[in-house]
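Quick notes on the structure that follows.
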Amino acid sequence: MNQLSALLASRERDVIVGWVAVAVLALTIVETLFDGAFNWTFIALVVAVIVLIPAIVFRERRAMPPWELIALVLAPILWQALLGHSFRTDIPAYLAVAALALLVITELHQFTSVRMNRSFAIVLVVLTTLAVAGVWNVLQWTSDVLFETAFVLDGRSQDAINADIMVEFVAAGCAGIGAGVLFDLFVRSRDDDQSDRTYVPPEPEGDPRAGDDLTSGTRNASESRRLRDRLSISPRRQRQASRAMQVLLVVILLGGLYARDLAVIVNAAVMLAITFVPAILRREYDLAMDAGLVLWITAAVSLHALGSTGLYARIPLFDRFTHALSATVVAAGGYAVFRAIHVHVERVYVPPKLMGAFILLFVFAAGVVWEILEFALDQSAAALGVQAVLIQYGIDDTMGDLLFNALGALVVTVWGTVYLTDLSESIADRVVAWFETDGQPE
């Protein structure tokens, strides 16, 4: 059993702290209900359920997560829900979210067919914390828009609310990274001795990856699907379309230079450089990049460059469509990497039913990071008195972008993954070393 598997090999201290935590959470739920703090009631209820799931499923009172993780989740809940003191930042609250993500990830590893090594678990908890920050604020914003609540839209200006949400996103990122560091120290320091009873389900007989359309690592060439074959135009026309878009980007760049428009110049130059990345990856690293995938990427970046010329401000739906298309590219990259790790890293196994959830987490987290980058560049430009390269137009713009990012991820999850098999196989040889070892045996 590796270190991560040993985390839930229950020690007596884990059992005692776990049940005490459940009792405290029950009191917290009652207290927050009477106080009208329903958001903390919900959080306490979710934590209690997650802590209790192993004991309920296995009908064994000793099936409890590590007490250290329980304490990390419990601390901010008790501080704010019971003592009524507010933190000056959102980092402690999102540290609880990160610790909760660690609990879920560890329990998935321990009690299901999911298998993770330490590095994969740490990356996943950071992505989960960022994604939760995005989802939570999108849900609150949606409630405000549809039901006229005031969770996010509280009467302040769009820009003021957006600035607070960006600070919250940064806090979530810091909490996720901090939780990952603490988790790494925790795994390294905890005794790996197992108790008399462990709850690790037996490993599946044979290779669990075999015979699975989404996860098979040895698909015959005749069975491999390529996006270029799915499109209604020939591969030659697809390559010509990609070249035409590159020419369009050059025209936009020259137009930006003529008008001395910094935003257009930077966006066109960066997007033009990205269009050459597939060719470089294919030549230098032998990655499988067929004409359809190249066209997909080129179309996404070309539309973004077009948007920077003024279309974003004039046509709101253009911004939404571009975000959805860009999100499909991000989701495709995330799927290819996740699947490569899944197929080629022996200690990592992700069932097909969970792959879609992982893609959504990845895209939502990437969307949050992108919004932080946009905000940082926008505010930096304002402080320096120069033209902004990327602009945010308030909280409605940010939340709408995140919603359409999720839509793009869903498109890839439902329709596009079958066309990324060859790419993920090529990526595998390049990323496998990052996750195959953590610096010591597990």
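The values are calculated or read from the model by the stated rules, or taken from the named source; none is laboratory data. Nothing here was measured: the structure is a model prediction, and the numbers come from that model. No Cβ is skipped: glycine too gets one built from the backbone with ideal geometry, and neighbour counts run over all protein chains shown. Side chains included, ligands, DNA and RNA excluded: accessible areas come from the protein's heavy atoms. Shrake-Rupley method; radii C 1.70, N 1.55, O 1.52, S 1.80 Å.
For the reader, a short list of remarks on this structure follows.
- In the condition set (1) assigned by the TED database to the domain that holds residue 359; (2) not in a helix (DSSP H, G or I), residue 320 is compliant with all but (2).
- Within segment 137-180, the set of residues being over 21 Å from residue 39 (Cα atoms), open to solvent by 80 Å² or more (accessible area, probe 1.4 Å) and assigned to a helix (DSSP H, G or I) comprises 159, 177.
- Residues located in segment 157-176, provided they are modelled with pLDDT of 90 or more and more than 15 Å from residue 137 (Cβ to Cβ): 157, 159
- Any hit, segment 350-367, residues being closer than 22 Å to residue 266 by Cβ and in the same structural domain as residue 412 (by the TED database): yes
- When restricted to residues that are buried (at least 19 other Cβ atoms within 10 Å of the Cβ) and farther than 19 Å from residue 101 by Cβ, segment 30-54 contains 2.
- Extreme residue, farthest from residue 394 (Cα to Cα), among residues of segment 346-378 that are at pLDDT below 90, more than 18 Å from the chain's Cα centre (by Cα) and in a helix (DSSP H, G or I): 377
Rundown of residues vs (1) part of a helix (DSSP H, G or I); (2) open to solvent by less than 50 Å² (accessible area, probe 1.4 Å); (3) hydrophobic (A, V, I, L, M, F, W, C), yes/no style:
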position	(1), (2), (3)
258	yes, no, no
280	yes, no, yes
289	no, yes, yes
330	yes, no, yes
335	yes, yes, no
343	yes, yes, yes
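- Flag if residue 418 is modelled with pLDDT of 80 or more, β-branched (Val, Ile, Thr), open to solvent by 20 Å² or more (accessible area, probe 1.4 Å) and farther than 30 Å from residue 185 by Cα: no
- Inspection of segment 138-147 identifies at least one residue that is charged (D, E, K, R) and modelled with pLDDT of 90 or more.
- Positions within segment 101-135 being out of contact with any Ser or Thr (no Cβ under 9 Å at 6 or more places or on another chain), in a helix (DSSP H, G or I) and open to solvent by 10 Å² or more (accessible area, probe 1.4 Å), in sequence order: 107, 108, 111, 122, 123, 126, 127, 128, 130, 132, 135
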